[in-house]
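Beneath this line is the structure, given in structure tokens, with notes to follow.
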Amino acid sequence: MADNVDSGTIRFFCNLGEMAPEERTMYGGLSRKLFGAGEEKRELDNGYAYRPAAAKISISEIAEWITFERRCGPFFNLQIEAEPNDGPVWLRITGPAGVNEFIKSETGS
């Protein structure tokens, strides 16, 4: 994620400078894998919830992506929810007012 969106009081942007070049490469690959694995997306009042296909990306890869995303987008609240009985996994990306527009611009959805 690299765009710069101004939401009035908060400017949303991904600071890729927080990562070394090899980390940026890993982050980019995980981002493509994560958002390419989507089976369902739900818009929330303060962000989005994504349900990736378990066969396409693991929980540990989602957690690794979160580790990178927290560094470049510290304004996000990032949550992984694993439903019981081997149910689906959800990634919630939420934040302050205006974050939906930024997420849409970054994920192309």
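FYI, it's all coordinate maths here, none of it is from the lab. Computed from a predicted model, the values in this text were never measured in an experiment. For neighbour counting, all protein chains shown are included, and Cβ atoms are generated from backbone atoms with ideal geometry for every residue, glycine included.
Table for the structure above
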{"item": "Pairwise Cα inverse-distance average, inverted: Kirkwood Rh of the stretch 4-88 (Å)", "result": "14.2"}
{"item": "Expected-Rg normalisation [2.2 N^0.38 Å, Cα atoms] applied to the stretch 40-106", "result": "1.11"}
{"item": "Backbone HN-Hα couplings from phi across the stretch 85-97 [Karplus 6.51/-1.76/1.60, Hz, Gly and Pro as x]", "result": "6, 6, x, x, 9, 10, 10, 10, 10, 10, x, x, 3"}
{"item": "Point-charge dipole on Cβ atoms (K/R +1, D/E -1) for the chain, about Cα centre, debye to 20", "result": "120"}
{"item": "Residue-averaged [θ]222 nm for the chain, counting only DSSP H segments that reach four residues, each worth -39500 (n - 2.57)", "result": "-11500 deg cm²/dmol"}
